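A.B. asks: What follows is a single structure, and I will ask about it in a moment.
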Amino acid sequence: MLYSNLDVSEMFVDRQAQRSSMHARHLNEQLVRVLKTIGYDVGFQKGQGQYLFDRDGVRYLDLLSGFGVFAIGRNHPALRQALKSVLDSDLPNLVQLDVSTLAGVLAERLLKYVPYLDKVFFANSGAECVEAAIKFARGATGRPGIVYCAHAFHDGALSLTDDPNFRSGFEPLLPGCTSIPFNDLAALEQALSSRQVAAFIVEPIQGKGVNLPTDEFLPGAAALCRKYGTLMIADEIQTGMGRTGRFLAVEHWNVEPDMVLLAKALSGGHVPVGALLTRKNVFDKIFNQMDRAVVHGSTFAKNDLAMAAGIATLEVLESEKLVEAAAKRGAELRLALTRMVPGYELLKEVRGKGLMIGVEFGPPKSLRLKASWNVLETANKGLFCQLITVPLFKDHKILTQVSGHGSHTIKLLPPLTITEEDCHWIETAFDSVIASSHKVPGAIWSLGKTLVDNAIRKSA
């Protein structure tokens, strides 16, 4: 047959030199421009575990994990074998008028980690899980309102995100959605007291900024939800699956929400999958009779490759004890970075749980540094962090990100497989780059001038 010689890996090799031109022409030209401006267009060729390799074979440490999807690292052999076994088996995938065996297996295994919940709804992504949660909460309670926290980012659900950078140009959004300050129980009670709120949705640790709850906030929120008949939804799309050193981040505060949302790492990084876990009494109010058996669904949601990816990911987390490893490595890394704070006036705080870590920078006190900081901030709020992330990448081969638009916090979200040697690599790289950022004039502030010039040209 004509397609018998189709080799996509060979196609990758043949066309990789044209990746930027193809994207500029057919996809997102602005992203191509950004990558070229900051020097990130190195043409990655290979990924293994926590490492990436560029077109010259240079190894990089990935602290981005594809926005948190590669918890078990890239191209894990167990995941590869699971996916291959499905493809080799001619399974009756997505019959639709049948039920999926592998979906049953994955649901059973997920609920063992969250024994106070009873039912699972599978989706294709975190965004679809959030949409399902809104529908389930409204359907189960008969109420319209949804309360979320300021600075939240609930995958794809724009109505539950208050950042104008994301919302601008896309209004009007879903009515009935109300924002309260994170960590403000009084504001939450005021919002819930109307008894018109179906659900309070919260990231146990906010992804944008790596903002931690007070010890009282999540238990207090759960109590208020019970008091006013509101469902509590834990958005664990980024924090779940062992990222924070527990299977779910809510476990740090002994909270048992009515719904838990998982995605990202559940996929193993290769086949998109999301899961909404909830109580039977919520689920049964949605799928409450035979003619509503498919009242909410998603065409590809329970596909065999996605279910196999989820099963394999759970196997790897358990067999390699990655949840425990995240707790141990994360504590060591936070301690090492925190020890740097007294020595650098631009470094303000290191915070997080497990291997979800925020490194926050802030205004300096010395006049020379303050003048340079103010130039950057005037041009574009949060620009200083690029003076850290770009040299980390170019000089130290570490890929990381600023934790949100206009943020002064760099977020570390590495695969849970990182080693002690990797942690040392991170520590020495941060120490070197932060030290350089305190030298004015210097190479880092020359980069700052380039970024300011670009920001000014963009706004002109």
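The values are calculated or read from the model by the stated rules, or taken from the named source; none is laboratory data. Computed from a predicted model, the values in this text were never measured in an experiment. Here the Cβ is made from the backbone with ideal geometry for all residues, glycine too, and neighbour counts use every protein chain on show. Accessible surface is based on the protein model in full, side chains and every heavy atom, while ligands, DNA and RNA are left aside. Shrake-Rupley method; radii C 1.70, N 1.55, O 1.52, S 1.80 Å.
A.B. asks: Placing +1 on the Cβ of each Lys and Arg and -1 on the Cβ of each Asp and Glu in the range 277-326, which of THR278, ALA301, SER319 has its Cα farthest towards the positive end of the resulting dipole?
C.D. replies: Checking the options against the dipole of the range 277-326, the answer is THR278.
A.B. asks: Taking 0.36 nm per residue of separation and subtracting the Cα-Cα distance, what length does fully extending SER89 through LYS439 add? Intermediate values should be presented prior to the final figure.
C.D. replies: Working: separation 350, 0.36 × 350 = 126.00 nm, distance 6.05 nm.
Additional length available on full extension: 119.9 nm.
A.B. asks: Right, something else. With charges only on Cβ, +1 for K and R and -1 for D and E, what is the dipole size of the range 153-270 about its Cα centre, in debye, rounded to 20?
C.D. replies: Details: 8 positive and 14 negative charges, 29 e Å.
Once rounded to the nearest 20, the dipole reads 140 debye.
A.B. asks: In addition: Once the dipole of the range 340-421 is set up with Lys and Arg at +1 and Asp and Glu at -1 on Cβ about the Cα centre, which of HIS408, ILE398, ALA371 lies farthest towards its positive end?
C.D. replies: The listed residue farthest towards the positive side: ALA371.
A.B. asks: Can I ask one more? If you compute Cα Rg over 2.2 N^0.38 Å for the structure shown, which of [x] 2.23; [y] 0.97; [z] 1.02 do you land on?
C.D. replies: Here Cα Rg over 2.2 N^0.38 Å agrees with entry [z].
A.B. asks: On a full-extension model of 0.36 nm per residue, what is the gain between LEU97 and ASP453, subtracting their alpha-carbon distance, rounded to one decimal in nm? All intermediate terms of the calculation are to be shown ahead of the outcome.
C.D. replies: On the way: separation 356, 0.36 × 356 = 128.16 nm, distance 5.88 nm.
Result: 122.3 nm gained on full extension.
A.B. asks: May I pose another question? GLU320 to ASN288: FRET efficiency via 1/(1 + (r/R0)^6), r the Cβ-Cβ distance, R0 51 Å, to the nearest 0.05? Mind showing how you got there, number by number?
C.D. replies: Values: r = 41 Å, r/R0 = 0.81.
Calculated transfer efficiency: 0.80.
A.B. asks: Based on the mean of other Cβ atoms within 10 Å per residue, sort peptides 340-352, 172-184 so the most packed one is first. Write down the numbers at each step before the final one.
C.D. replies: On the way: 340-352: 16.8, 172-184: 15.2.
Ranking, from highest mean packing down: 340-352, 172-184.
A.B. asks: Now a separate question. Efficiency by 1/(1 + (r/R0)^6): what FRET value for TRP425 and LYS280, r their Cβ-Cβ distance, R0 = 41 Å, to the nearest 0.05? Mind showing how you got there, number by number?
C.D. replies: Details: r = 47 Å, r/R0 = 1.15.
Efficiency, from the Cβ-Cβ distance: 0.30.
A.B. asks: Let me ask something else about it. Roughly speaking, what is the stretch gain from SER446 to HIS396, that is 0.36 nm per residue apart minus the C-alpha to C-alpha distance, in nm to one decimal?
C.D. replies: Values: separation 50, 0.36 × 50 = 18.00 nm, distance 1.80 nm.
Full-extension gain reported as 16.2 nm.
A.B. asks: What spacing in nm lies between the two simple spin-label points modelled at SER168 and PHE300, each 7 Å away from Cα in the Cβ direction?
C.D. replies: 3.2
A.B. asks: Could you size up the charge dipole of the range 247-306 around its Cα centre, putting +1 on the beta carbon of Lys and Arg and -1 on that of Asp and Glu, and report it in debye to the nearest 20?
C.D. replies: Approximately 100 debye in magnitude.
A.B. asks: In what sequence, largest accessible area first, do LYS353, LYS449 appear using a 1.4 Å probe?
C.D. replies: Largest accessible area first, the list is LYS449, LYS353.
A.B. asks: Turning to a different aspect of this structure: Any lysines with Cα under 22 Å of the LYS370 Cα? List them, leaving off those in the same chain fewer than 8 positions away.
C.D. replies: Here the lysines satisfying the reach criterion relative to LYS370 are LYS348, LYS381, LYS439, LYS449.
A.B. asks: Go through LEU83, LEU63, LEU261 and say which Cα lies farthest out towards the positive end of the charge dipole of the chain; charges sit on Cβ, +1 for Lys and Arg, -1 for Asp and Glu.
C.D. replies: LEU63
A.B. asks: List the aspartates and glutamates whose Cα sits under 15 Å from the Cα of LYS119, skipping any in the same chain fewer than 8 residues away.
C.D. replies: In chain and number order, the partners are GLU108, GLU256, ASP258, ASP284.
A.B. asks: R0 = 22 Å: FRET efficiency of VAL375 with MET340, Cβ-based, nearest 0.05? The partial results should precede the final answer.
C.D. replies: Numbers: r = 24 Å, r/R0 = 1.11.
Once rounded, the FRET efficiency stands at 0.35.
A.B. asks: I would also like to ask the following. Is there a quick way to get the dipole size of the range 346-460? I mean about its Cα centre, with the Cβ of Lys and Arg at +1 and of Asp and Glu at -1; what is the value in debye to the nearest 20? Intermediate values should be presented prior to the final figure.
C.D. replies: Working: 14 positive and 10 negative charges, 121 e Å.
Roughly 580 debye for the range 346-460.
A.B. asks: Still on this structure, please answer the following. Which pairs break 24 Å Cα to Cα here: LYS84/LYS302; LYS135/LYS321; LYS112/LYS227; LYS84/LYS353? List each step's numbers first, then the result.
C.D. replies: Numbers: LYS84/LYS302 17 Å; LYS135/LYS321 35 Å; LYS112/LYS227 28 Å; LYS84/LYS353 34 Å.
From LYS84/LYS302; LYS135/LYS321; LYS112/LYS227; LYS84/LYS353, over 24 Å: LYS135/LYS321; LYS112/LYS227; LYS84/LYS353.
A.B. asks: Which percent of the accessible heavy-atom area of the range 41-145 goes to carbon and sulfur, probe 1.4 angstrom?
C.D. replies: On the way: 2800 of 5170 Å².
Whole-percent figure for carbon plus sulfur exposure: 54.
A.B. asks: Let me ask something additional. What is the chain's relative contact order, in percent, from Cα pairs under 8 angstrom and six or more apart in sequence?
C.D. replies: Details: 811 pairs, mean separation 84.5, N = 460.
It comes to 18 percent, rounded to a whole number.
A.B. asks: Less than 16 Å from a label point 7 Å out along the Cα-to-Cβ axis of THR214: which backbone N atoms in the range 157-194 qualify, by residue?
C.D. replies: 180-190
A.B. asks: To the nearest 10 square angstrom, what accessible area does PHE300 show with a 1.4 Å probe?
C.D. replies: Roughly 130 Å² of PHE300 is accessible to a 1.4 Å probe.
A.B. asks: What 222 nm value per residue comes from the helices of the chain, counting each DSSP H run with n ≥ 4 as -39,500 (n - 2.57) and dividing by all residues, nearest 500 deg cm²/dmol?
C.D. replies: On the way: 17 runs with 193 residues, N = 460.
It lands at -13000 deg cm²/dmol.
A.B. asks: Per residue, what accessible area does the chain have, given a 1.4 Å probe and all protein chains present, in Å²? Each step should come with its number before you reach the end.
C.D. replies: On the way: 21740 Å² over 460 residues.
I get 47 Å² per residue for the chain.
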